[in-house]
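Enquirer: Pasting in a structure now, in structure tokens, and then I'll have a few things to ask.
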């Protein structure tokens with residue numbers, strides 16, 4: 001339920017304020033404050049926190065949509081990448097990654 005203040009709801013006021021901030025500072029402002037918040041959260045709670053919330057979110061999606069959901073969105077993403085970068089994209093990046101891994105192994109790391 002939204003709280004009324006005069007003729008504008010709290011939700012409407014929030015949207016209006018958000019639009020104004022976007023107008024004044026641009027979308028990059030939101031990216032910067034999001035990254036800043038993410039870094040702060042990582043420092044406060046650590047890597048394990050992000051692992052736990054990722055697993056919780058994944059389990060929730062699995063429960064809502066079934067395991068087939070992940071296969072479907074994976075296919076959709078793969079098709080989008082293929083359309084954007086060409087059909088041999090994964091082959092190219094796989095070879096590139098293999099060369100990088102080999103160099104690392106050759107260096108004894």
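The values are calculated or read from the model by the stated rules, or taken from the named source; none is laboratory data. Nothing here was measured: the structure is a model prediction, and the numbers come from that model. Cβ placement follows ideal geometry from the backbone for every residue including glycine, while neighbour counts extend to all protein chains displayed.
Enquirer: Please specify each residue of region 3-19 satisfying the condition of being more than 26 Å from residue 29 (Cβ to Cβ) and either modelled with pLDDT of 90 or more or in contact with a helix residue (DSSP H, G or I) (Cβ under 7 Å, 6 or more places away or on another chain) (or both).
Expert: The answer is 3, and nothing else.
Enquirer: Right, something else. Output the number of the condition that residue 30 fails; it satisfies all remaining conditions of (1) touching a helix residue (DSSP H, G or I) at 6+ places or on another chain (Cβ under 8 Å); (2) surrounded by fewer than 10 Cβ atoms within 10 Å (Cβ to Cβ).
Expert: (2)
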